[in-house]
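Novice: Structure below; questions to follow.
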Amino acid sequence: MRCGAAKASRADKAHSGGVRTTMPAQKARNRRLRVCLPRFDNRQDRQGVSFATRHWLIIIAMPAILVTAQAAFGEQADMALPIAACELEEGATLIATDIVDAENLRFEDGREYHIGLLANRPDDLPSIRALRKLAKGRAITLYHPRGRDRPEDRYGRLNGHAVISHGPRRIWLQGWLVKQGHARVTFSTTPLPCPTPLLKLEHQAREHRAGDWGTGVFKILPAGRPDQIVERVGRFAIVEGRVLRVRNSRGRVYLNFGKNWRQDFTVRIPIQRARTSWPHRDGSTALPEKAERIRVRGWIELRGGPIMEIGDFGQIERIDGSASPGLR
């Protein structure tokens, strides 16, 4: 190194005056070489940061980079589909050749596959990029409930849960997208079987402000603010609040969250669905009750005030009071 060479040269001249170096002089030079540190370049880049500082920053940051990479790998490795718990059976394995949009893939045989989740928009670029990086060109195995004959929806698209092969790893597609905050759980069209694990992952993504939960694109609207809910008319929304009143009218059950149903937010449940089994902690069946806090998801309509119709009881999460199909 430059500093060691210079010191060694001066040592030679001091001890021998240009004559061959003696053994003591050689030892002294070696000691100086061992303690000599390399000189970092003190020039600065365009931002005024010296190259020496930049080198040290890289060295200091390296452990954090490695930990982040390991965490990302762990997240993907933990994305395992609960096949046994959800009573699913393995279906076809196909290669994803194209990303149609943020909610659909195309396989090598030309058929489309609907992921069964709801992104911000079908043309949402961050979600499309994430999906392309994860799934394009990969072998994808589909899983369906046992005994199900047609793994297609009414539009002819394949559906069900998907597991992607990444070398030795197998990543649950829906679980990964939800946990990364790229999609929300929905019960419209053809809902995914066994939604409870996905609802739990969505809760984690919301708590950690992952993806669109962190940017505010995904959010839970307060049931007591119908002015905010009205802005979502014709679109999907997740609304949370305490039931103020439960009433029956014309073959439907209405959950009111305000005193004036013509202005406030309301949930509507067809009476036939209301009579079906609702899982309670004690095994009885009942609808959400007055003063119970719930979270509902679905499409917002305008009938005087904003209203949401429940087509699947999975759309209702009971936050307190009793057990829920989703979260508490």
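Novice: Starting from the amide H of M79, placed 1.01 Å from N in the peptide plane, find each other amide H under 5 Å away whose residue is 5 or more places distant or on another chain.
Specialist: Here W172 satisfy the definition.
Novice: Using every pair of alpha-carbon atoms in region 88-213, split the distances into 5 Å bins beginning at 0 and state the percent of pairs per bin, rounded to integers.
Specialist: Pair shares across the bins are 2, 12, 22, 25, 23, 12, 4, 1.
Novice: Once both labels are modelled 7 Å past Cα along the beta-carbon direction, what's the A291-Q228 spacing in nm?
Specialist: 2.5
Novice: Further, regarding this structure: Which residues' amide hydrogens lie under 5 Å from the amide hydrogen of R252, considering only partners 5 or more residues apart or on another chain, with H built in the peptide plane?
Specialist: Distant-sequence amide H within range of R252: I271.
Novice: Follow-up question, since we're still on this one. Which of the residue pairs K219/K290; K133/K179; K179/K200 have a Cα-Cα distance greater than 19 Å in the structure shown?
Specialist: Details: K219/K290 25 Å; K133/K179 16 Å; K179/K200 9 Å.
Violating the 19 Å Cα-Cα cut-off are K219/K290.
Novice: What is the extension gain from T215 to D109, computed as 0.36 nm multiplied by their sequence separation minus the C-alpha to C-alpha distance, in nm to one decimal?
Specialist: Details: separation 106, 0.36 × 106 = 38.16 nm, distance 3.70 nm.
Gain in length upon complete extension: 34.5 nm.
Novice: Within a 10 angstrom radius of the beta carbon, how do Y254, Y155 rank from fewest other beta carbons to most? All intermediate terms of the calculation are to be shown ahead of the outcome.
Specialist: Working: Y254 16, Y155 11.
Lowest count first: Y155, Y254.
Novice: Using a 7 Å offset from the Cα along the Cα-to-Cβ direction at both K136 and E87, what is the distance between the two label points in nm, to one decimal?
Specialist: Modelled inter-label distance: 3.9 nm.
Novice: Also, quick follow-up: May I ask you to compute the full-extension gain from D123 to R252, defined as 0.36 nm times their residue separation minus their alpha-carbon distance, rounded to one decimal in nm? Walk me through the intermediate numbers first.
Specialist: Details: separation 129, 0.36 × 129 = 46.44 nm, distance 3.60 nm.
This chain segment gains 42.8 nm when fully extended.
Novice: Taking 41 Å as R0, compute the FRET efficiency from the Cβ-Cβ separation of E152 and N260 and round it to 0.05. List each step's numbers first, then the result.
Specialist: Details: r = 44 Å, r/R0 = 1.07.
Calculated transfer efficiency: 0.40.
Read-outs: derived from the displayed coordinates by stated rules, not from any lab. Since this is a predicted model, take the numbers as computed values, not measurements. As a convention, Cβ positions derive from the backbone with ideal geometry for all residues, glycine included, and neighbour counts pool all protein chains shown.
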